[in-house]
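Accompanying notes for the structure given below.
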Amino acid sequence: MPLADVAQALAIVLVWGVNFVVIKWGVAGVPPLLLGALRFALVALPAVFIVKRPALPWRYLALYGLTVGVGQFGCLFTAIKLGMPAGLASVVLQSQAFFTLLLARVFLGERWQASQLAGLALALGGLALIGMGKGGNMTALGFGLTIAAATSWAASNIVVRAIGRDGFKVEPLGLVIWSSLAPPIPFLLLSWQLEGGERIAAALRGFDGQSLFAVAYLAFVATMFGYGLWSRLLARHAAAKVAPFSLLVPVVGLLASHWLLGESLTAPQLAGSGLLMAGLLATVFGGRLLALAASWRTSRA
């Protein structure tokens, strides 16, 4: 990759890593489900009048929007509001890769490779350590909701794979923008039911600079800028060259949360995070390393 494109990939990593800190700031003043409604409303409008609608059936746009929007971010925003440390959330959310493997096996019949099974075992051990770890202000409900967010992200990955299997071309930026039409109304209904009209009214009355920054960052920087630039890189380079950069997001998330929020991990949480990331590395790179090792042994024979 040219140096300029590497710099762009690292800029995306920075934006997405800091995103978890911004979520923490956002839910401090805005109820999490209302924050989700505002985020996706700003992503969809007015962008749907600028970006061409992907050539996809509406059912796929709605499914993707509901799994990513209401499922992933609804659970993630609520988890961070209810005590999940932002940095740790950035790590635990990466378990989506392993839930994707499980869902792909169940719904798409995909087979697992040995490296993926090894990665899954490491990740499950890491999640167990994090879940059992005490301290760091992590709550059991926050941890559980972060796992639910990762599962919802995995479900959205299955939707994307189903789109490809049905012969449709996936356009990442168009998919993100047009699918953002689906979450705002369910978010508002859930917010009204679970957070209540009084909290919504109080949040809107007290909407300050921090809340405005959080909503704008989540909608325009993390989503529009991040996914727009990511789509550009995927159009210019093979996914295998671009996707590994996302492994740096939880590293930035942990560092940003430590510097900006004063968060720190307990020893079990740190060990669990290390195991989870090791499992992710084994899943992403294990197959290639095994193939290279086999090729090397063949050439030596």
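The values are calculated or read from the model by the stated rules, or taken from the named source; none is laboratory data. This is a predicted model, so every value here is computed, not measured. Cβ: placed from backbone, ideal geometry, glycine included. Neighbour counts: every protein chain shown. Calculation scope for accessible area: heavy atoms of the full protein, side chains included, ligands and nucleic acids excluded. Shrake-Rupley method; radii C 1.70, N 1.55, O 1.52, S 1.80 Å.
Below, the figures for the structure above:
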{"item": "Extension reserve of the Lys169-Phe213 stretch, reckoned as 0.36 nm per residue once the Cα distance is removed", "result": "12.4 nm"}
{"item": "Computed E for Met1/Val106 - FRET, C-beta separation, R0 45 angstrom, nearest 0.05", "result": "0.80"}
{"item": "Label-point separation, Leu204 to Val251 (7 Å along Cα→Cβ), nm", "result": "4.4 nm"}
{"item": "Gyration tensor (alpha-carbon) shape descriptor, region 1-159, a/c threshold 1.5", "result": "rounded"}
{"item": "Sequence-distant residues sharing a close amide H with Glu263 (under 5 Å, placed H)", "result": "His258"}
{"item": "20 °C / 1.002 mPa s Stokes-Einstein diffusion coefficient of the chain, Kirkwood radius on C-alpha pairs, µm²/s", "result": "107 µm²/s"}
{"item": "Helical contribution to [θ] at 222 nm, DSSP H n ≥ 4, -39,500 (n - 2.57), averaged over the chain, rounded to 500", "result": "-22000 deg cm²/dmol"}
{"item": "Rounded accessible area per residue of the chain, 1.4 Å, Å²", "result": "47 Å²"}
{"item": "Rounded percent of accessible protein surface that carbon and sulfur make up, the chain, 1.4 Å probe", "result": "70 percent"}
{"item": "Computed over region 194-265, Kirkwood Rh from alpha-carbon pairs, angstrom", "result": "15.3 Å"}
{"item": "Unit charges on C-beta of K, R, D, E only; dipole of the chain, Debye", "result": "740 debye"}
